[in-house]
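Just below is one structure, and these are the notes that go with it.
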Amino acid sequence: MHQRWLLGAVTVGVVWGAATIAFDSSIWILDFLLHLGPLLAGVAAMVTLIGWRPAGPATFQIEGDTFVAPTNRRRTIEVAALLVVLISATALGIDWVAADGGFFDILLAVLPALLAAALLLHSLLIPTTVELRPEGLRIPGRLHRVDVPWEAIRPGTPWAPRLRTQKLEVLIATGYLVRPPAERRPRLDVPIDVLDIHPWFLADAIRYYVAHPEHRASIGRPAELERLSRRLRDGGAPPALPAGRTPAALPAGRTPTIVRQATAPQSDESTANHRS
């Protein structure tokens, strides 16, 4: 579904952009729609998405030995809208340059194209999936991924976020850090507004496996997902720390352990629970 949305956006942008460059209409409203229609439609779609924070289902997808919180429709539609804006604004700029348009005409096309390109780059860099694995929590990224062993997550976190929040705060236990240098309040912010999962369910599931190491080896099995869902639905999630509490500073003289950040694709056999 996500690939179809993106392919459709690119197709619409390219076809309409080519029509913008190739044709002109003497009827002003048709000419307006021909040149600015896709641009305005893409901007309107992004404005509409500002207030949409889909909660998603209380379940995971299963891929191999992994529970996956996949990308939601909101992020896919947002990227599709940005692609339409970028392609149509670029075509509009080419058309106005070829027609010897004025400075402000060209600027009107260049600015949306630059803004759309910046937002598109930002959207592509944000991780859009979260994985629960037998060895720990994985956040895949296009430039690098973050692997957090279950032992590195502070018990009682993350707490259930507000539904309109954009991140899940996972506190790292004393002795572990997400990245150097050492911080007083080591924390991992997991983007959740891009995930097709209920954020409360995701938070409860992470806390559950932090508190129950005996069930981690079963992650990725349909029977385990059914058992986990039933357990959490019946109120079996471990209690969360009071919101706002943070772990104490590292004891004097103790060397922190760094949670691995992979900068290149690695095989599934590469351990996420090794400490650097």
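Tabulated values for the structure
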| read-out | value |
| --- | --- |
| Surface share of carbon and sulfur [accessible, 1.4 angstrom probe, percent] for the stretch 1-78 | 71 percent |
| Rg ratio (alpha-carbon, reference 2.2 N^0.38 Å) - the stretch 7-130 | 1.29 |
| Kirkwood-based Rg to Rh ratio, the stretch 22-67, C-alpha trace | 1.39 |
| Measure of compaction for the stretch 130-234 (Cα Rg per 2.2 N^0.38 Å) | 1.05 |
| Cβ-derived FRET efficiency at R0 22 Å, Arg227 paired with Ala55, nearest 0.05 | 0.45 |
| Check: the stretch 130-234 dipole with +1 on Lys, Arg Cβ and -1 on Asp, Glu Cβ, in debye | 200 debye |
| Surface per residue (accessible, 1.4 Å probe) for the stretch 130-234, Å² | 45 Å² |
| Loop chymotrypsin sites (Phe, Trp or Tyr not before Pro), the stretch 1-103 (other Cβ atoms within 10 Å of the site Cβ: 15 or fewer; DSSP) | Phe23, Trp52 |
| Relative contact order (%) - criterion: Cα under 8 Å, at least six apart; region: the stretch 64-153 | 31 percent |
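The values are calculated or read from the model by the stated rules, or taken from the named source; none is laboratory data. Here the structure is a predicted model, which is why all the values come from computation and not from measurement. A quick note on method: Cβ atoms are made from the backbone with ideal geometry, for glycine too, and the neighbour counts reach across all protein chains shown. To get the accessible areas, we keep the full protein, side chains included, count just its heavy atoms, and leave off ligands, DNA and RNA. Shrake-Rupley method; radii C 1.70, N 1.55, O 1.52, S 1.80 Å.
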